[in-house]
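J.: The structure's right below; bear with me while I get my questions together.
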There are 2 protein chains.
Amino acid sequence: MFYPPEIIAIKRDGGTLSENQITQFVKGITDGSITDYQSAALLMAIYINGLNKKETAALTKAMMFSGATMNFNDPTVIDKHSTGGVGDKTSFIIAPLAAACGVKVPMVAGRGLGHTGGTVDKIEAIKGFQTQLTLEDFQDHLIKEGVVLMGQTGDLAPADKKLYALRDVTATISSIPLITASIMSKKLAEGAAGIVMDIKWGNGAFMETKGQAKKLARSIVQTGLSFNRHMMVSITDMNQPLGNAIGNSLELIECFETLKGKGPKDLEELSVHLAGGMIHLAGKSKTHKGGIKKAKAALKDGSGLACLKKLIAHQKGDAKVVDQYDLLPLAKNKKEILAPKSGYLTHIECKNFGLHCVALGGGRVKTSDKIDFGTGLYLHKKRGDKVKKGDVLTTIYFNDNQKEIVSEIESQILQKDIIIKNKNKTSYPSLIEETKISLVAGEMSC
Amino acid sequence: MFYPPEIIAIKRDGGTLSENQITQFVKGITDGSITDYQSAALLMAIYINGLNKKETAALTKAMMFSGATMNFNDPTVIDKHSTGGVGDKTSFIIAPLAAACGVKVPMVAGRGLGHTGGTVDKIEAIKGFQTQLTLEDFQDHLIKEGVVLMGQTGDLAPADKKLYALRDVTATISSIPLITASIMSKKLAEGAAGIVMDIKWGNGAFMETKGQAKKLARSIVQTGLSFNRHMMVSITDMNQPLGNAIGNSLELIECFETLKGKGPKDLEELSVHLAGGMIHLAGKSKTHKGGIKKAKAALKDGSGLACLKKLIAHQKGDAKVVDQYDLLPLAKNKKEILAPKSGYLTHIECKNFGLHCVALGGGRVKTSDKIDFGTGLYLHKKRGDKVKKGDVLTTIYFNDNQKEIVSEIESQILQKDIIIKNKNKTSYPSLIEETKISLVAGEMSC
């Protein structure tokens with residue numbers, strides 16, 4: 001007989017759980033036969049005493065099979081995931097670039113919560129864009145169009161939804177094996193042959209240190225490989241927002257500009273790096289470098305943008321939006337924050353910029369909040385930039401009734417979120433710290 | 001604002017909780033504003049990362065004040081608690097002996113669950129005996145009669161009831177600080193000036209090693225002293241049942257015999273040791289040794305037995321029972337287990353004897369089970385005794401419909417619960433391993 005306290009006691013004492021014990025537990029969580037307080041006790045024991053490689057894979061597997069799974073049996077189906085940050089809008093650039101190079105890209109994306117924005121929220125700034133698809137529609141779209149974007153569904157890995165909600169209120173979020181199982185159970189259920197992971201670290205990311213990010217990267221790669229998926233992980237910098245725009249419509253516009261070759265350098269660099277990885281994992285180029293080259297070409301020749309237009313049109317949005325930016329809702333009022341002195345911008349309190357966007361209605365405090373697509377912030381200066389007194393540092397996009405919030409944000413930005421010093425720092429974290437590619441032996445198609 | 005996950009995170013990371021944080025948490029647990037899963041997560045974090053002396057005292061205090069508290073303001077009110085074991089019936093001997101020597105003894109006792117018997121169950125073998133008193137009755141009885149016995153009430157430390165139920169199903173029982181707070185919150189709420197603790201270790205106790213028992217003893221003494229209570233703790237052996245009788249009526253009879261000077265030596269020795277401690281803590285003798293002497297005298301001159309008769313009569317039982325044992329329910333059938341070979345009895349699987357008694361109906365598997373007072377086991381041989389093939393090792397008292405259970409018990413006893421070897425072992429644990437007395441300075445009344 002299965003007696004939950006016995007399983008809990010094993011992990012409590014630092015022991016190792018068997019695959020069967022983990023499976024039984026996840027089954028009990030999913031069907032409600034194991035109580036939330038027993039799950040909470042186990043989660044805390046796992047948080048403190050950890051899970052080894054095998055246990056993490058078993059937990060991932062059990063969570064993955066707690067709901068529907070897809071299987072495309074197609075080596076060119078490659079998925080992409082980012083652990084999230086501020087101004088992280090790469091999906092809308094990477095997916096079309098990769099698709100333009102023959103990769104099939106199934107995107108099941110999340111909504112924003114906390115200081116990070118959500119891919120689904122951003123795309124919904126395009127009037128009419130449908131993100132609520134059935135799994136059948138999703139598979140159909142992918143096979144026909146090569147790229148599809150859908151909001152998270154309770155059909156995939158329902159155990160994760162339950163466990164995540166419990167972790168959120170029991171202080172058991174930031175555990176490497178639990179994060180691994182949460183991300184990977186959903187990604188694996190999507191049935192891709194390979195997964196490209198952007199793991200962000202820094203004061204705007206969930207992993208605050210590079211060390212934590214590297215640990216998570218190792219854990220994710222090990223888990224992916226144990227399920228026979230090609231894996232690429234990049235550790236990237238999130239100590240300042242990615243690109244210049246923060247806010248739903250603003251970020252979409254920045255993506256369109258980037259696909260036209262006129263985007264911020266950091267955003268373009270990271271996008272082609274990750275898209276190149278997808279192209280490589282899909283077997284469409286022998287090397288990652290070759291993949292990056294192809295992605296750059298798709299950016300230059302407009303085939304990436306064309307792919308995005310196709311995606312928008314196919315999911316019932318107006319594809320003209322990629323050229324007519326006034327089709328997107330944008331707040332009428334702008335407030336420019338000026339540099340109080342000359343010098344170098346040496347530090348950005350990245351997470352706070354995400355929170356400012358939330359305060360303007362561009363993000364959510366609770367899941368039921370409605371998003372204001374038109375508000376946000378635009379950074380004219382970034383880390384290392386020279387500034388003159390009176391230069392515009394940041395533009396705030398806001399609505400009529402938000403003057404008080406704006407003045408609060410302004411004073412916070414000037415007081416602590418942006419630091420200007422006489423001398424420039426000698427070094428900043430590199431945007432792409434490290435990239436690791438692990439291919440499942442004998443499975444590459446080229 | 002009070003945000004439970006922040007408190008949980010502190011203990012999860014091995015930090016120290018403030019008295020205010022602990023108080024808020026216990027308050028939230030008691031009034032239901034903190035969920036069971038958050039409590040479970042905190043309990044697991046406490047189990048693994050521990051609580052220091054101050055935190056343990058704060059938890060005890062918060063749990064104590066979660067309900068009613070009594071305060072007798074009387075230095076002669078001394079309480080007694082045992083962590084429980086098999087055949088542990090000392091309360092019925094200690095309390096009258098101490099009361100006969102001028103100690104006031106408030107007993108709030110538990111029912112049996114698991115392999116240990118409960119004091120309240122045992123005394124209820126006496127027809128009519130009332131254990132369901134109100135707190136007013138309890139205080140009144142104590143002041144007038146000097147000794148009173150009541151079943152546990154939800155009025156005292158209700159937070160403990162909730163937390164204990166949660167610990168039971170989340171594998172967080174065996175934690176020294178949590179056990180300390182559980183025991184001490186109830187004992188302190190009873191308002192005694194001093195507490196005598198019998199902390200048992202061994203294969204029939206909740207603490208399996210002497211080391212664990214000593215740790216618990218230290219934690220309990222520290223906590224008691226921080227509440228200005230005189231404390232005596234003894235670490236005692238529970239690697240074999242105490243005395244010879246296991247089962248409700250059988251144990252009561254053994255107590256009556258002991259109060260007449262005809263009881264088993266181990267039971268008498270421990271009883272006068274603990275009663276002597278109570279007499280000393282109450283200020284009725286200058287030393288513990290002096291207290292033991294007084295307790296022995298009360299045993300010899302029959303004043304202890306007289307006190308027990310008074311207690312029984314006062315709580316509506318028939319006091320004649322102490323002489324007319326047939327007033328107690330006793331099972332009609334006896335089965336004698338005979339020694340299969342000659343040698344020395346070197347080992348008793350103590351816990352199993354408790355479980356055998358439960359299997360015969362003498363204890364509970366779930367709280368709603370009804371007790372059969374008349375069944376049980378009597379050990380004719382104990383550890384170190386010389387036995388001859390064919391000697392009676394144990395007598396089982398059982399009912400007509402229990403023949404199958406009896407034959408199962410017999411084969412288990414012969415196969416593993418009693419081990420007979422050719423040679424006697426050279427050493428066995430001493431009954432009373434260690435006793436520590438800590439008096440609150442300047443408060444002794446003699």
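Any read-out appearing in this document is the output of simple, stated calculations on the displayed coordinates, not a laboratory observation. Just so it is clear, the structure is predicted and the values come from calculations on it, not from any experiment. Reconstructed Cβ throughout: ideal geometry from the backbone, glycine too, with neighbour counts over all protein chains shown.
J.: Within 10 Å of each Cβ in peptide B:164-172, how many partner chain Cβ atoms are there on average? Round it to a whole number, please.
T.: So the per-residue partner count for this stretch is 6.
J.: Moving on. Which entries of B:Lys200/B:Lys334; A:Lys144/A:Lys366; A:Lys27/B:Lys11; B:Lys11/B:Lys54 have Cα-Cα distances beyond 26 Å here?
T.: B:Lys200/B:Lys334; A:Lys144/A:Lys366; A:Lys27/B:Lys11
J.: Checking the a/c ratio against 1.5 first, then a/b against b/c, what shape does the Cα gyration tensor give for segment A:292-446?
T.: Verdict is oblate for segment A:292-446.
J.: Ok, one more. Once the dipole of chain A is set up with Lys and Arg at +1 and Asp and Glu at -1 on Cβ about the Cα centre, which of A:Val358, A:Ala40, A:Met278 lies farthest towards its positive end?
T.: Checking the options against the dipole of chain A, the answer is A:Met278.
J.: If you don't mind, another one. How far apart, in nanometres, would the label points at B:Lys389 and B:Ser226 be if each is projected 7 angstrom from Cα along the Cα-to-Cβ direction?
T.: Between B:Lys389 and B:Ser226, the simple spin-label model gives 6.0 nm.
J.: Is there a quick way to get the dipole size of segment A:303-411? I mean about its Cα centre, with the Cβ of Lys and Arg at +1 and of Asp and Glu at -1; what is the value in debye to the nearest 20?
T.: Using only the charged Cβ atoms, the result is roughly 340 debye.
J.: Taking every DSSP beta bridge that has both residues in chain B, what percent is antiparallel when rounded to the nearest 5?
T.: Numbers: 25 of 45 bridges.
Here the share of antiparallel DSSP bridges comes out near 55 percent.
J.: To continue, here is another question. Using the crude model of +1 on Lys and Arg Cβ and -1 on Asp and Glu Cβ, and no other charge, please compute the dipole size for the protein assembly as shown relative to its Cα centre, in debye to 20. Before the final figure, lay out the partial values.
T.: Numbers: 116 positive and 92 negative charges, 476 e Å.
It comes to approximately 2280 debye.
J.: Inter-copy label distances at A:Asn228, 7 Å along the Cα→beta-carbon direction, one decimal in nm, shortest first?
T.: 7.3
J.: I would also like to ask the following. Do the sum for the protein assembly as shown: with -39,500 (n - 2.57) for every DSSP H run of n ≥ 4, divided by all residues, what is the mean residue ellipticity at 222 nm, to the nearest 500 deg cm²/dmol?
T.: Helices in the protein assembly as shown give a 222 nm mean residue ellipticity of -13000 deg cm²/dmol.
J.: Quick one: compute the contact order of segment A:175-279, relative version, from alpha carbon pairs under 8 angstrom and 6+ residues apart, as a percent.
T.: 28 percent.
J.: With springs connecting C-alpha atoms under 10 Å apart, model chain A as a Gaussian network and identify which of A:Ala45, A:Ala57, A:Ala295 has the largest mean-square fluctuation.
T.: Highest fluctuation of the listed residues: A:Ala45.
J.: Output the 0 to 90 degree angle, nearest 10, between the alpha-carbon long axis of helix B:176-189 and the longest principal axis computed from the alpha carbons of chain B.
T.: That works out to roughly 90 degrees.
J.: Here is a follow-up. Can you give the mean number of other chain Cβ atoms that lie within 10 Å of the Cβ atoms in peptide B:5-12?
T.: Going residue by residue through B:5-12 and averaging, the value is 4.
J.: Right, another one. Counting partner chain Cβ atoms within 10 Å of every residue's Cβ in A:29-42, what's the average?
T.: So the per-residue partner count for this stretch is 5.
J.: Take the Cα coordinates of chain B, assign each an equal point scatterer, and use the Debye formula without solvent to give log10 I(q)/I(0) at q = 0.07 Å⁻¹.
T.: -0.35
J.: So, by mean Cβ neighbours within 10 angstrom, what's the order for A:9-20, B:92-103 with the highest one leading?
T.: Ranked from most to least packed, the peptides come out as B:92-103, A:9-20.
J.: Defining a contact as two alpha carbons under 8 Å apart and six or more residues distant in sequence, what relative contact order in percent does chain B show?
T.: On the way: 943 pairs, mean separation 87.9, N = 446.
This gives 20 percent for chain B.
J.: Quick one: which residues, 5 or more positions from A:Val148 or on another chain, have an amide H under 5 Å from its amide H? H modelled 1.01 Å from N in the peptide plane, none for Pro or chain starts.
T.: A:Val105, A:Met107
J.: Over the residues of segment A:168-223, compute the C-alpha Rg and express it relative to 2.2 N^0.38 Å.
T.: Taking the Cα Rg and dividing by 2.2 N^0.38 Å, one obtains 1.16.
J.: Would you mind classifying segment A:27-125 by shape? Square roots of the alpha carbon gyration tensor eigenvalues, ordered a ≥ b ≥ c; an a/c under 1.5 is rounded, otherwise it is prolate if a/b is larger than b/c and oblate if not.
T.: Prolate is the answer for segment A:27-125, as a/c is 1.5 or above and a/b outweighs b/c.
J.: In vacuum, with every alpha carbon of segment A:4-50 counted as one equal point scatterer, what does the Debye formula give for log10 I(q)/I(0) at q = 0.18, 0.20 Å⁻¹? Two decimals, please.
T.: -0.46, -0.57
J.: Rounded to two decimals, what is Rg over Rh for segment B:330-421 when you use alpha-carbon atoms and the Kirkwood radius?
T.: Working: Rg = 13.4 Å, Rh = 13.5 Å.
Ratio of gyration radius to Kirkwood radius for segment B:330-421: 0.99.
J.: While we're on this one: What distance in nm lies between label points placed 7 Å from Cα along the C-beta direction at B:Asn422 and A:Gln415?
T.: The two pseudo-label positions are separated by 8.7 nm.
J.: From largest to smallest, what semi-axes in whole angstrom does segment B:189-283 give when each is the square root of 5 times an eigenvalue of its alpha carbon gyration tensor?
T.: The answer is 25, 18, 11 Å, longest axis first.
J.: Compute the angle between helix A:36-49 and the longest alpha-carbon principal axis of chain A, please, reported from 0 to 90 degrees and rounded to the nearest 10.
T.: The angle comes out near 80 degrees.
J.: Projected area of the protein assembly as shown, taken from the Cα convex hull and averaged over every viewing direction, in nm²? Provide the component values of the computation, followed by the final result.
T.: Working: hull surface 181.8 nm².
Orientation-averaged projected area of the Cα hull: 45.4 nm².
J.: Which angle from 0 to 90°, rounded to the nearest 10, does the C-alpha axis of helix B:91-100 make with the longest principal axis of chain B?
T.: The helix B:91-100 is inclined about 80 degrees to chain B.
J.: Quick one: work out Rg over Rh on the C-alpha atoms of segment A:256-310, Rh as Kirkwood radius.
T.: 0.97
J.: Using a cut-off of 13 Å between alpha-carbon atoms, which aspartates and glutamates can reach A:Lys162, once sequence neighbours fewer than 8 places away in the same chain are excluded?
T.: By straight Cα distance, A:Lys162 reaches A:Asp31, A:Asp36.
J.: Give the relative contact order (percent, whole number) for segment B:359-446; include only Cα pairs under 8 Å separated by 6+ residues.
T.: Over segment B:359-446, the number comes to 21 percent.
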